[in-house]
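Only the coordinates and a few stated rules stand behind these numbers; no lab work does. Given the structure is predicted, the values throughout are model-derived calculations rather than measurements. Cβ placement follows ideal geometry from the backbone for every residue including glycine, while neighbour counts extend to all protein chains displayed.
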Amino acid sequence: MVDRSESKPLDCFSYLSAPNSSLYAVILSVFADARRDFRLNLRATEVLEAVKLSSNVSLPGESELDAALLQLCTWGNLESFSDQSQAATLEEFYRRHLYYQMTGEGVAALRAIELFHELVETPASLQSTALSAVRDRLAELISLAKAQEHEHAPPFDAAKASSLLESLFSELENLTAQAQEFFRGLQATVELREISVGAFMNFKERLVHYLERFLSQTITVSGEAETMLRSVDHMLIDAMMDSVARFRTADDFDVSEDRVIKVRDSLSERWRGVCAWFVGDSFVGDSFVGDSFVGDSFVGDSLVADSGQVSQADELRGLARSGIREVAAAASRIQRASGGVLDRSADYQALAIRFAACADDAEAHRLWRVAFCLSPARHLTVSDETLAQRDQTPIPPSTSWQGSPPLRIAPTLRRTGRVAKAGATRKIVDNRQQLAQLAETNRREAEQFAKARRELVTERIRLSEFGEIGAEAFPLLLDLIGEALSQRTESDTKVEAVSSDGSMRIQMQALPSSSDRCCLNTSFGTFSGPDFWITIEDETGSL
């Protein structure tokens, strides 16, 4: 056996940068394949046969393979044991035979490297289906916990709870990591270069649909998870964590209470992380205790929502909305660039580059005149007086603006860029007759509304005791009853509301028997429904 007392745990990664690292990697992959086939150990000859099947390295000799195996044992990836079981003669018995197996450190290092390659090579994605799986695992766990409330409940299935917890933690952790990686690379994905407008519009539609689906699924699952977390008592969660911790330590050689407490605290800490993943600002300052909220924390080993903490679900929803805005803005920029829409800031930047490239001041002045159209303004509309003055004193086209007399133009031309053509003055339309008709219509409507209010104002009577209701009063009555019923809950026997314009107040009280009904005759037909005690008052004081 190789003495590994001097080796350190991180020495297991030394083979990655060592000479002949490809041979070491192939040897470790052979042992990894053997573990997947549930083979505990391999002899050097078996390793050599497996290496022959690999095309990644040249075939090593026996001495080279033995040296590689010895080095891996020194680093702590493998460990060796003597094997005399195959000795057929006394000479073979005294000859040294070894078999090898992976150490715990070697397995951990190999898994870490495999996970690294998986995370680097696999493109990030928004796993909407994983959200549903997380919700299902959470529902099963809470159902298991709540089943213990019953007096004759079956024994708690700690094995199932342990499996569900591990699956929940793993799926939620992977979902969060994938989503964060996706949004981290979204900006680079959106800022594409040298892509056609049609291709980008197609990409935009697919990306927005992808983000909207994830956003919708996150909102739905978060609401359902929040409801489930509200419904469970923290003591049941604590009991479940304790049972799972004892199940996971049951196979330990020497189980102590401290070991159980350590495992339980670790599970509770991860459970708090799951709860905080779904808990948003609606729970800030609150906590779960049974079916109610009190205090500032989740008593025991359950949910704690620190003040001001933002849940991962809220953060991912914000990132999804931000991603939709970014891709829409990028699409707008590409459309502007392809459609020839002028960008003033880009024009100024291009002009500044041109000015910087001018050889001398004279060239810069010529560029200035061309860029800002500093040339004779003969195209402008001027007054007859100005034209007569120009005829008397002609101004050569070569005259600069600075040396020429001022050009007086109409204020509307300066303000709007165009001058209205002269024409006949528009006739003034006499609207007095239409205004009088409108005033008469408003007066009649006000009288009808006041009549309807007077008809409805009443002391406390039953709704069924109303007489026949006129065509003007019935819509107003429906408005009042609708406002009152919209504010009524199942536990309310009495409700009070104000009409939509604030002119009338109604009080409604349910009758002891819900089977009592009323029928009102109106010009629109017969109105029927549950009967109420009803009081209608005028709020304007004008009746």
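Add +1 for every Lys or Arg and -1 for every Asp or Glu among the other residues with Cβ under 12 Å from the Cβ of Gly198, and state the total. Mind dumping the intermediate values first?
Values: positive: Lys204; negative: Glu205.
Net of charged neighbours comes to 0.
Rank-order 208-215, 428-435 by packing density, defined as the average count of other C-beta atoms within 10 Å over each peptide's residues, highest first.
Values: 208-215: 16.4, 428-435: 8.0.
Descending mean neighbour count gives 208-215, 428-435.
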At each listed q (0.11, 0.15, 0.24, 0.26 Å⁻¹), what is the log10 of I(q)/I(0) that the Debye formula gives for the stretch 456-538 modelled as equal alpha-carbon point scatterers?
-0.26, -0.50, -1.32, -1.50
Overall form of the stretch 496-543 per C-alpha gyration tensor (a/c, 1.5; a/b vs b/c)
oblate
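Kindly state, to the nearest 0.05, the FRET efficiency for Lys427 paired with Glu385, given R0 = 25 Å and r defined as their beta-carbon distance.
Numbers: r = 31 Å, r/R0 = 1.23.
Result of the calculation: an efficiency of 0.20.
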Partners for Lys427 among lysines (Cα-Cα distance below 26 Å; same-chain residues under 8 apart left out):
none
R0 of 45 Å, Cβ-Cβ distance Arg213-Gln392: FRET efficiency to nearest 0.05:
0.05
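Between Ser63 and Glu269, what's the calculated FRET efficiency when r is the beta-carbon distance and R0 is 35 Å? Round to 0.05.
It comes to 0.10.
Report the net charge of residues surrounding Tyr24, where surrounding means a beta-carbon distance below 13 angstrom and charges are Lys +1, Arg +1, Asp -1, Glu -1.
Details: positive: none; negative: Asp11, Glu64.
Around Tyr24, the charge tally is -2.
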Rank by packing, highest mean first: peptides 457-465, 67-75, with packing defined as the count of other Cβ atoms within 10 Å averaged across residues.
67-75, 457-465
Here, Trp368 and Ser345, labelled 7 Å along Cα→Cβ, have an inter-label distance in nm of 2.6
Spin-label pair Thr220/Arg111, simplified geometry with 7 Å Cα→Cβ offset, distance in nm:
3.4
